[in-house]
Amino acid sequence: MHPRLTGEVAALTAALLWAVATILFRRIGRRVPSAELNLLKGLVAMALLAAALSVRGSLGAPLPARATAWLLVSGAIGIGIGDTAYFESLRCLGSRLALLLGMLAPPLAGLTAFALLGETLAAPAWLGVGLVVGGVAWVVSEKTPESDGTKRALGRGIACGVLASLMQALGAVLSRAALVSSDIDVFWSALLRLAAGAVITLFWLAARRRRPGLWLRAPDAGRIWTTLLAAAGLGTFLGLALQQFALRLTSAGIAQTLLATSPIFVLPLAALARERVSGRAVLGAFVALAGVAMLFGLASW
């Protein structure tokens with residue numbers, strides 16, 4: 001398989017895993033504060049990444065200083081700030097509206113990559129990006145009961161969603177800069193990003209001066225832990241490793257666009273959960289998939 005095409009497959013697989021993880025995080029997001037949830041999922045994924053590196057014999061490998069610095073900054077921005085803001089948006093808006101705001105990330109990633117890395121996309125590629133973004137936006141903008149809420153919660157959710165998209169786009173571009181300029185292991189790159197994100201989140205929790213772990217007193221704390229472990233293992237450990245792999249093999253704009261197709265994968269999951277899937281949602285999915293097909297075609301040229 002062509003290397004760039006492999007990068008696209010990795011991005012789509014990561015999007016699928018994040019769709020599953022988002023549903024799981026949504027279940028516990030109202031019980032566990034956003035920053036604390038971000039920290040916990042990061043710690044779980046870091047432990048899994050360290051174990052994977054140990055098995056691969058790469059845990060003690062020397063790390064390139066420049067790439068390490070880029071990855072730490074990337075993690076602080078994209079995971080420490082971006083993921084915390086995303087969880088808050090998810091809590092306030094529900095999965096569809098939160099994912100809708102996530103559609104801002106692909107064009108932001110493309111523009112940031114153009115400004116910082118000099119990456120450019122041909123006009124047909126931008127058309128593919130537009131189809132993906134438009135199709136997914138059409139799907140997730142459909143009004144659903146979970147998006148109903150107060151104006152204050154709506155405003156907070158939108159602000160957090162926009163912030164999350166901006167920070168995640170910038171984090172992805174900085175991560176790509178590190179990956180293309182070195183041969184650092186993708187598991188190490190994911191671990192470094194998560195570590196930096198965890199430090200930022202710890203500072204945030206300390207500044208808020210709120211006592212953590214209150215949810216552990218709940219009668220269903222065991223179920224919350226199980227859900228958290230599953231979501232962190234799928235979405236953060238595997239998903240982030242695949243994201244890093246995709247960013248190494250394809251441009252930041254295309255990778256971020258394909259990573260943003262998670263809402264499409266939510267549709268069959270919702271159908272399996274016996275939720276109503278409208279014709280509008282199906283049409284939007286086909287439009288987005290057409291954009292994905294266009295990007296695949298461009299990647300193979």
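The values are calculated or read from the model by the stated rules, or taken from the named source; none is laboratory data. Since the model is a prediction, treat every value here as computed from it, not as a measurement. Note: ideal-geometry Cβ built from the backbone for every residue, glycine included; neighbour counts use all protein chains shown.
Can you tell me which condition residue 115 does not meet? The list is (1) in a helix (DSSP H, G or I); (2) free of Cβ contacts under 8 Å to residues at least 24 places away in the same chain; (3) over 19 Å from residue 250 (Cα atoms), and all the others hold. Exception for residue 115: condition (3).
As a summary of the residue check, residue 147 satisfies the conditions (1) surrounded by fewer than 24 Cβ atoms within 10 Å (Cβ to Cβ); (2) under 19 Å from residue 86 (Cβ atoms); (3) at pLDDT 80 or above except for the one numbered (3).
The helices (runs of 4 or more DSSP H) falling completely within region 1-102 that include 2 or more residues that are modelled with pLDDT under 95 and acidic (Asp, Glu) map to 82-93.
Conditions tested, residue by residue: (1) surrounded by fewer than 24 Cβ atoms within 10 Å (Cβ to Cβ); (2) basic (Lys, Arg); (3) under 18 Å from residue 261 (Cα atoms).
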residue: 80; (1), (2), (3): no, no, no
residue: 102; (1), (2), (3): no, no, yes
residue: 105; (1), (2), (3): no, no, yes
residue: 108; (1), (2), (3): yes, no, yes
residue: 113; (1), (2), (3): no, no, no
residue: 127; (1), (2), (3): yes, no, yes
residue: 130; (1), (2), (3): yes, no, yes
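Looking only at region 205-262, residues that are outside any helix (DSSP H, G or I), of a type in the set (D, E, K, R) and at pLDDT 85 or above come to 1 in all.
Candidates in region 51-62 are the residues that are surrounded by 15 or more Cβ atoms within 10 Å (Cβ to Cβ) and in contact (Cβ under 8 Å) with a residue 40 or more places away in the chain; of these, the one that is nearest to residue 179 (Cα to Cα) is 53. Contact map, region 88-110: residues that are closer than 22 Å to residue 177 by Cβ paired with residues that are surrounded by 24 or more Cβ atoms within 10 Å (Cβ to Cβ) and of a type in the set (Lys, Arg), Cβ distance under 9 Å, separation 6+ or inter-chain. Pairs shown: 109/176.
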